[in-house]
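Student: After the structure tokens below, expect a handful of questions from me.
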Amino acid sequence: MACNTGDRPGFCFFAAVGGSIGDIGYCAELCDCDGECMHTDSICDPFSSEAVRELTGKGGVCAPRSAGDGIVCP
């Protein structure tokens, strides 16, 4: 589900605590590399599914740096 992150593309990816499929979750910025994330302590966490990349038109979602290595911008 698309969501509003200002002028940047977003998607409702993160489930609320105690939530399940169909519940409202938290909006996250979509990205193709770390430099596209608004928050300086975020990385672009790559999607593991090609289907999700095709659905969103992006390579990952902005997430806390602790989520992994991210995608370095060229």
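Student: Using R₀ = 35 Å, calculate the FRET efficiency as 1/(1 + (r/R₀)^6) where r is the Cβ-Cβ separation of Arg8 and Ser66; round to 0.05.
Tutor: Plugging the Cβ-Cβ distance into 1/(1 + (r/R0)^6) gives 0.95.
Student: Another question, if that's okay. Would you mind calculating the gained length between His39 and Val17 on full extension (0.36 nm times residue separation, minus the Cα-Cα distance), in nm to one decimal?
Tutor: 5.7 nm
Student: Ok, one more. How much length is gained if the chain between Cys27 and Ser48 is pulled fully straight, taking 0.36 nm per residue apart and subtracting their Cα-Cα distance, in nm to one decimal?
Tutor: 5.7 nm is the gain from fully extending Cys27 to Ser48.
Student: Further, regarding this structure: Packing-wise, with mean Cβ within 10 Å as the measure, how do 53-60, 28-35 rank, highest first?
Tutor: Ranking the peptides 53-60, 28-35 by packing returns 28-35, 53-60.
Student: Further question on the same structure: For region 37-49, take each phi angle, set θ = phi - 60°, evaluate the Karplus expression 6.51 cos²θ - 1.76 cosθ + 1.60, and give the result in whole Hz per residue in order, putting x for glycine and proline.
Tutor: 7, 5, 7, 5, 9, 9, 10, 8, 6, x, 6, 8, 10
Every read-out reported here was derived from the displayed coordinates using simple, explicitly stated rules and does not represent laboratory data. These numbers were taken from a predicted model, which means no experiment stands behind them. Don't worry about glycine lacking a Cβ; one is built from the backbone with ideal geometry, like all the others, and counts go over all protein chains shown.
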